[in-house]
């Protein structure tokens, strides 16, 4: 049994704030927690803070690519044999338009 299953089985909706902020709840749990959020200022504030922290963590790990990376990738693309694209029947192409 997963941690999330154990938390939700306890019946304490407050324990679902972190998984909710990380979009890790099942649809039924999400609906139940969103109903709880309408009347719980504590969980609303916790979800807001956790979501902001998740964004900060994501941005803190982002780093600009090295300057020569694009050139190296393009050089590798030019020298790497590519498989031809599969041919689609004309009928299939016409229905996609």
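The numbers here are math on the coordinates, done by the rules we state, and not lab data. In this text, all values refer to a predicted model and were calculated from it rather than measured experimentally. When we count neighbours, we look across all protein chains shown, and the Cβ atoms used for this are built from the backbone with ideal geometry, even at glycine.
Quick notes on this one:
- Residue 23-residue 65 FRET efficiency (beta carbon distance; Förster radius 35 Å; 0.05 resolution): 0.85
- Residues 39, 15, ranked from the fewest to the most other C-beta atoms within 10 Å, line up as 39, 15.
- With neighbour counts taken as other beta-carbon atoms within 10 Å, the residues 57, 50 rank, fewest first, as 57, 50.
- Length added when fully stretched, residue 73-residue 52, from 0.36 nm per residue minus Cα-Cα: 4.2 nm
- Gain upon complete extension [residue 40, residue 14; 0.36 nm per residue less C-alpha separation]: 8.5 nm
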